[in-house]
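The values are calculated or read from the model by the stated rules, or taken from the named source; none is laboratory data. The model shown is predicted, which means the values in this text are computed figures rather than measured ones. Cβ atoms come from the backbone with ideal geometry, glycine included; neighbour counts cover every protein chain shown. Accessible surface is based on the protein model in full, side chains and every heavy atom, while ligands, DNA and RNA are left aside. Shrake-Rupley method; radii C 1.70, N 1.55, O 1.52, S 1.80 Å.
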Amino acid sequence: MAKKKRGGPAGPRPFWSGTLAFGLVSLPVGLFPAHRSKPVSLHMVDAKGTRLARRYVCSKDGKPLEWDQLIRGYPVEKDRFVTVTDKELDALAPEKSQEIDLKRFVPVEELDPMRFERAYFLTPEKGATKAYRLLARAMETTGRAGVATFVMRGKEYLVALLSQGGILRAETLRFEDELRTPADVGLGDPGSPATAAVKRFQSALKPLRAERLDEAALEDRESQRLIKLARRKLKAGEDVLGKKRKRGARKTGSGASSSPPDLLETLKRSLKEGLEPQEPAPGKKSASKKTASKKTARKKTARGKTAGKEAALSEESREALYRRAQARDLPGRSRMSKQELVDALSE
Amino acid sequence: MSARAIWKGVLVAGKERVPVKLYSAVADRSVHFRLLHRTDKAPVRQVLVNPGTGKPVPYADSLRAWQADDGRRVLLTDDDLATVNPDKSRDIELLSALPLGAIDHRWYDRPYYLGPDGDDRSDLDALATALERDNREGLARWVMRDKEYLGALRVHEGHPMLVTLRHREQVVSQTALSAPGGAALDRRELDMSKQLIGMLETHFDPGEYQDEYRQRVMDLIDTKRRGGKVRKAPPKRRRASSDLTRALEASLKQR
């Protein structure tokens, strides 16, 4: 599949773009993931080293299918589905899919860390920088987090808006019913342990005491071993397939070949200048509505457009792609590398 | 209702060894759709194909390759991948005991409860109490199904809990970013903003927030199932407030 350089100065697009409402103040923002995918991703190839692609086939007649031949279905009984279109899903929450309405502010320390799921950086869009700075400053000095619910890509999220060092972060929180209680999983009430036993554990913990988290302990040792092994084989000429790319060998900073190289740059720039509001995709769609790229895919009937779509998908984090894959129920998605997800999604 | 444990292991803190079971503290409530073939409504399946020939390739015949920056690929055999896998073990090793909060929640991934492996939970209770008295949380490492995990060992409602952590490479550092800048903020606007936050201030009550959208999706499915009509309304988007002072003043008056 041809990798095409994408034109335009935009770099990675926001994961979601919409409006932050603070009282009657409207603040258009973009959300960029604060997490990225694993530092290494593997491709699926055949014995000759040809990169394999994923295709959908109908389970009934075995025919290969294009995107515009697919539809989402919810199982209601055996082999019977209710089909649902993206338009219908979008129409379920027209305001909430456009807007994070900060109706509540709570003390930051009241948010239980086990609720936090994923973080996104907020960047102001054009014309919103001043309001962004104002809100960030006011929240930081008062030690408050904004709380709201909103809809992003076909799912509602509870979100906490946090301000730190002049930068706003939106962190999704698990809803109450998404968390199990100890009783839910069948754990009995904790008893009151014997003093001697507590002392025993306290002294076991004592030699382990450290005052700060050593971030080196958080390194992905597995990925590092994998890259090391692959580089060693490359050097030794063992199981090496294909030829060196001649010119324009892609430089991917710090060897993190699977993370969008310019996410950080885009973030830096858009925090500084305020991003242009996202142009609605072909047709009159707002950016936040491009759920799982499905409808865009449907519009793009011309075969040549796939490369562009693939490139656009490559800009997203693995997590983002995984969610798209989840929304589309791609089998084997949890085992797929980022590139495999891009391939599977761009078909 | 009790849930099934997802894994069994032994929590190791120095000389202490506590056999434990892990239970997911997260319940999946998402609405899961299947992809169907539009015309005959049959579910689709995915196959691997050689994109050049269009011929399907059985999954079992597919191999893994790593791509170098120069475009070459290195085949990684099952044996290669096995050497990369961490050694099998049931030990959840406590690496350090940190002051509570030393592990920023941005590292957090998924929470799991620890229950006793067996009926005797006295050691788990003692461990939880020890952590609470010391005001500490643990940093732990273990291997679960050929994958290495790091976790924060915390206490939740008296129960020890492991929250898996993201790897260092997976969290975008905020120190690499600089906040939007500009002219000094208007004092009056800042005061009004703080005042507005004050008016909207409350305690965090998680029960107050419901996933209404999920319910609407289920209602939509139900309506369609019974052959009812559904609406398709186009959403619209608000513009940036151009006069901040006025918008803030109006917000304060409204309340």
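In whole Hz and in residue order, list the ³J(HN,Hα) couplings for segment A:55-71 that follow from phi through the Karplus curve 6.51 cos²θ - 1.76 cosθ + 1.60, θ = phi - 60°; x for Gly and Pro.
10, 8, 10, 6, 6, 8, 9, x, 6, x, 10, 8, 4, 6, 9, 10, 8
Report, ordered by chain and residue number, the aspartates and glutamates lying within cross-link reach of A:Lys126, taken as a straight Cα distance under 13 Å and ignoring same-chain residues fewer than 8 apart.
The qualifying aspartates and glutamates are A:Glu273, A:Glu276, A:Glu279.
How would you classify chain B from its alpha-carbon gyration tensor, with a ≥ b ≥ c the square roots of the eigenvalues: rounded for a/c under 1.5, else prolate if a/b is greater than b/c, otherwise oblate?
The shape class here is oblate.
B:Ile6 versus B:Ala82, label points 7 Å from Cα toward the beta carbon: distance in nm?
Inter-label distance under the simple model: 2.7 nm.
Take the residue pairs A:Lys96/A:Lys268; A:Lys228/A:Lys268; A:Lys206/A:Lys228 and return only those whose Cα atoms are more than 29 Å apart.
Violating the 29 Å Cα-Cα cut-off are A:Lys228/A:Lys268; A:Lys206/A:Lys228.
Cα-Cα over 18 Å: which of A:Lys130/A:Lys272; A:Lys48/B:Lys55; B:Lys15/B:Lys88; A:Lys48/A:Lys244?
In this structure, B:Lys15/B:Lys88 lie more than 18 Å apart at Cα.
Around B:Val12, under 13 Å between beta carbons, what's the net of Lys plus Arg minus Asp minus Glu among the other residues?
Combined, the nearby Lys, Arg, Asp and Glu give 0.
Within 10 Å of each Cβ in A:107-115, how many Cβ atoms from other chains are there, averaged over the peptide?
Per residue, the number of nearby Cβ atoms from other chains is 6 on average.
Tally Lys/Arg at +1 and Asp/Glu at -1 over every other residue whose Cβ is under 13 Å from the Cβ of B:Ala3; what's the total?
Local charge sum for B:Ala3: +1.
Most fluctuating residue of B:Val49, B:Val20, B:Val31 in a GNM of chain B with Cα springs under 10 Å: which is it?
Fluctuation is largest for B:Val49.
What average number of partner chain Cβ atoms lie no more than 10 Å from the Cβ of the residues making up A:79-86?
Mean number of neighbouring Cβ atoms from other chains: 5.
Going from most exposed to least, what order do B:Arg90, B:Arg121, A:Arg225 have by accessible area with a 1.4 Å probe?
Result of the area sort, largest leading: B:Arg90, A:Arg225, B:Arg121.
Over chain B, calculate the relative contact order: mean separation of alpha carbon pairs under 8 Å at least 6 apart, over the residue count, as a percent.
About 16 percent, as a whole number.
Convert each backbone phi in segment A:37-48 into a coupling constant with the Karplus relation 6.51 cos²θ - 1.76 cosθ + 1.60 (shift: θ = phi - 60°), then list the ³J(HN,Hα) values in order as whole Hz, x for Gly and Pro.
6, 4, x, 9, 9, 9, 9, 9, 10, 8, 4, 8
How many Cβ atoms of partner chains, on average, are near each residue of B:190-198 if near means within 10 Å of its Cβ?
Mean partner shielding for this stretch: 6.
Sort all Cα-Cα distances of segment B:12-69 into consecutive 10 angstrom bins from zero, then give the percent of pairs in each bin up to the one containing the longest distance.
All Cα pairs, binned at 10 Å, distribute as 13, 19, 22, 24, 15, 7, 0 percent.
What is segment B:129-255 by shape, rounded, prolate or oblate, if you read a ≥ b ≥ c off the alpha carbon gyration tensor as root eigenvalues and call it rounded for a/c under 1.5, prolate for a/b larger than b/c, and oblate otherwise?
Oblate is the answer for segment B:129-255, as a/c is 1.5 or above yet b/c matches or exceeds a/b.
With each run of n ≥ 4 DSSP H residues scored as -39500 (n - 2.57), what mean residue ellipticity at 222 nm is computed for chain B after dividing by its residue count and rounding to the nearest 500 deg cm²/dmol?
Estimated from H runs of four or more residues: -7000 deg cm²/dmol.
So which residue, out of B:His167, B:His156, B:His37, gets the largest mean-square fluctuation from a GNM of chain B using Cα contacts under 10 Å as springs?
In this elastic network of chain B, the residue with the biggest mean-square fluctuation among B:His167, B:His156, B:His37 is B:His37.
What does the charge count around B:Leu153 come to, taking other residues whose C-beta lies under 11 Å from its C-beta (Lys +1, Arg +1, Asp -1, Glu -1)?
Net charge around B:Leu153: +1.
Using a 7 Å offset from the Cα along the Cα-to-Cβ direction at both B:Glu157 and A:Ala217, what is the distance between the two label points in nm, to one decimal?
Placing both labels 7 Å along Cα→Cβ, they lie 2.8 nm apart.
Based on the mean of other Cβ atoms within 10 Å per residue, sort peptides B:106-117, B:52-63 so the most packed one is first.
Packing order, densest peptide first, comes out as B:106-117, B:52-63.
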